[in-house]
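The values are calculated or read from the model by the stated rules, or taken from the named source; none is laboratory data. Since the structure is predicted, the reported quantities are computational estimates derived from the model, not experimental observations. Ideal geometry is used to build each Cβ from the backbone, glycine not excepted, and the neighbour counts take in all protein chains shown. Ligands, DNA and RNA are excluded from the accessible area calculation, which covers all protein heavy atoms including side chains. Shrake-Rupley method; radii C 1.70, N 1.55, O 1.52, S 1.80 Å.
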Amino acid sequence: MIALRSVLFNTIFYANLIIRMIVLSPYYFVVPRKIAYAIPKNWARSNHWLMRVIVGTSFEIEGLENLPDGSYILAPKHQSFWDTYALLPWLKDPVYILKRELMWIPLFGWYAKKQRMIPVDRGARGKVMVEVLKRTKEELSTGRQLIIYPEGTRRPPGAEPVYKYGIARMYRDLNLPVVPVAMHPGLFWPRRSIRRYPGHFKVRILPPIMPGMDPDAFFAHLIDVSERASDELLLETVAQNPHLPLPPTAVERLVELRKLNAATG
């Protein structure tokens, strides 16, 4: 049943994306950008409904009160395609820094351009990164929220963290609060897999790290609070969903955490 439900969900998920982009394009590209944002927000909501109804996967969000008013940097854990869109319904006007190649995809790239997403060459240095920072400041000056995945790429649940220092530079240069987010959607929507697993999990939005810290101290603090929350959620999520087939990284981390908990009483 899991295989059948996974195939059904994946088929409808991508059909939902493509059909919405085609059918709603005339409206999307005519109305002002902020009004057009309702389309990707509603698409995200429809995906949550599909996941719950077809796969049997639900989630809840803790800590919405930790999202500041106005501009801030959202720094989620990144495990799955799910977390690239999941929080859109709860964000007022987000902006992403995207790989420039994504902007070349028909329809998707046009939609991203309409929302003034910021393309970047991942191998770029010097003047290109200065221009990216300039564009980012321009967007955030209007009250938008920047979404950055501190690890840069998807990591399996429980994997050793590999944070990129770019988040510390952004924290220093933008002078904005950074809001860490812990979650384990990768247990239900694994990367590089077509399988989707039923169950329930939490998204935990942590208190913002306010601007003004030394970048190195901020970087260490971000890793500490994010990983501690991530470990707590891993234990909770696995305990609540004992049927889940766990990746080796999660199994190894759970063994470490249980030994640590036993040693500390």
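Can you name the residue in the range 198-219 that is assigned to a loop (DSSP other than H, G, I, E, B) and open to solvent by 30 Å² or more (accessible area, probe 1.4 Å) and is also nearest to Gln79 (Cα to Cα) among such residues? Break it down into steps so the answer makes sense when it comes.
In the first step, residues of the range 198-219 are kept if they are assigned to a loop (DSSP other than H, G, I, E, B); the result is 198, 206-208, 210-214.
From what's left, open to solvent by 30 Å² or more (accessible area, probe 1.4 Å): 198, 207-208, 210-214.
Working: Pro198: 17, Pro207: 21, Pro208: 21, Met210: 25, Pro211: 27, Gly212: 29, Met213: 28, Asp214: 28 Å.
So the residue we want is Pro198.
Residues in the range 118-127: is at least one assigned to a loop (DSSP other than H, G, I, E, B) and under 16 Å from Leu174 (Cβ atoms)?
If we filter the range 118-127 for residues that are assigned to a loop (DSSP other than H, G, I, E, B), which is where we start, we get 121-126.
If we keep only those that are under 16 Å from Leu174 (Cβ atoms) as well, we get none.
For the range 118-127, residues assigned to a loop (DSSP other than H, G, I, E, B) and under 16 Å from Leu174 (Cβ atoms): absent.
Output the residues belonging to the range 127-160 that are within 17 Å of the chain's Cα centre (by Cα) and surrounded by fewer than 13 Cβ atoms within 10 Å (Cβ to Cβ).
Start the filter on the range 127-160 by keeping residues that are within 17 Å of the chain's Cα centre (by Cα), which leaves 144-159.
Matches in the range 127-160: Thr153 only.
Would the range 224-239 turn up any residue that is surrounded by 14 or more Cβ atoms within 10 Å (Cβ to Cβ) and outside any helix (DSSP H, G or I)?
no
Picking from Leu74, Leu98, Leu67, which residue would you name as being closer than 22 Å to Glu232 by Cβ and open to solvent by 20 Å² or more (accessible area, probe 1.4 Å)? Spell out the reasoning first.
Numbers: Leu74 fails: open to solvent by 20 Å² or more (accessible area, probe 1.4 Å); Leu98 fails: closer than 22 Å to Glu232 by Cβ.
Just a single option satisfies the conditions, and that option is Leu67.
Considering every residue within the range 78-88, establish whether at least one is at pLDDT 95 or above and open to solvent by 40 Å² or more (accessible area, probe 1.4 Å).
no
Out of all the residues in the range 164-189, which are closer than 26 Å to Pro248 by Cα and modelled with pLDDT of 95 or more? Write out each step before concluding.
Keep residues of the range 164-189 that are closer than 26 Å to Pro248 by Cα, which gives 164, 180-189.
Pro180, Val181, Ala182, Met183, His184, Pro185, Gly186, Leu187, Phe188, Trp189, listed by residue number.
For the range 165-186, state whether one or more residues are touching a residue at least 24 places away in the same chain (Cβ under 8 Å), crowded, with 18+ Cβ neighbours inside 10 Å and farther than 26 Å from Asp93 by Cβ. Walk me through it before giving the result.
Let us first name the residues in the range 165-186 that are touching a residue at least 24 places away in the same chain (Cβ under 8 Å), namely 165, 167-186.
Still in the running and crowded, with 18+ Cβ neighbours inside 10 Å: 167-168, 170-171, 174, 176-186.
Next, from what is left, pick out any that are farther than 26 Å from Asp93 by Cβ: 184, 186.
Yes, the range 165-186 contains at least one residue that is touching a residue at least 24 places away in the same chain (Cβ under 8 Å), crowded, with 18+ Cβ neighbours inside 10 Å and farther than 26 Å from Asp93 by Cβ.
Which numbered condition trips up Met21, out of (1) within 22 Å of Ile147 (Cβ to Cβ); (2) of a type in the set (A, V, I, L, M); (3) buried (at least 16 other Cβ atoms within 10 Å of the Cβ); (4) modelled with pLDDT of 95 or more?
The number of the failed condition is (4).
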